[in-house]
Amino acid sequence: MIFPKKWKDYELIDHGNTRKLERFGTVILDRPQPSVIWKKSLPDSEWNKANASFYENKNQKGSWDKPLTDWQLSYPFGDSEIKFKLSQGS
């Protein structure tokens with residue numbers, strides 16, 4: 001996988017067992033990733049630190065297990081940066 005080196009507001013923390021653990025700014029999310037069929041590297045205690053987890057249901061929709069407040073992150077772009085305001089989808 002390739003990630004922008006200068007982007008400090010994103011981190012792929014771990015992935016495995018059809019899940020990925022990611023950090024967006026200060027928020028850690030546990031989300032589905034069906035193509036990740038190998039085992040997780042980190043123990044469950046690290047995955048349990050996620051602010052929220054998304055679970056799919058049979059019709060390819062799903063829901064978050066915990067509510068999230070809006071949060072922000074930024075991405076360096078030349079001499080400035082792009083700012084994003086993120087919120088939990090329904």
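Bear in mind these aren't lab numbers, they're just calculated from the coordinates by the rules spelled out. If you're wondering where the values come from, they're calculated on a predicted model, not measured in any experiment. We place every Cβ from the backbone using ideal geometry, glycine too, and count neighbours over all the protein chains shown.
Considering only alpha-carbon pairs that sit under 8 angstrom and 6 or more positions apart, the relative contact order computed for the chain is 22 percent. For the chain, DSSP calls about 90 percent of its internal beta bridges antiparallel. Computed over the Cα atoms of the chain, the ratio of the radius of gyration to the Kirkwood radius (Rg/Rh) comes to 0.99. Summing charges over neighbours of D9, with a neighbour being any other residue whose Cβ is under 15 Å away from its Cβ, gives +2 when K and R count +1 and D and E count -1. Gain on full extension, evaluated as 0.36 nm per residue between S41 and T26 minus their Cα-Cα distance, stands at 3.3 nm. Helical runs (DSSP H, four residues minimum) scored at -39500 (n - 2.57) apiece and divided by the length of the chain put the mean residue ellipticity at 222 nm at -500 deg cm²/dmol.
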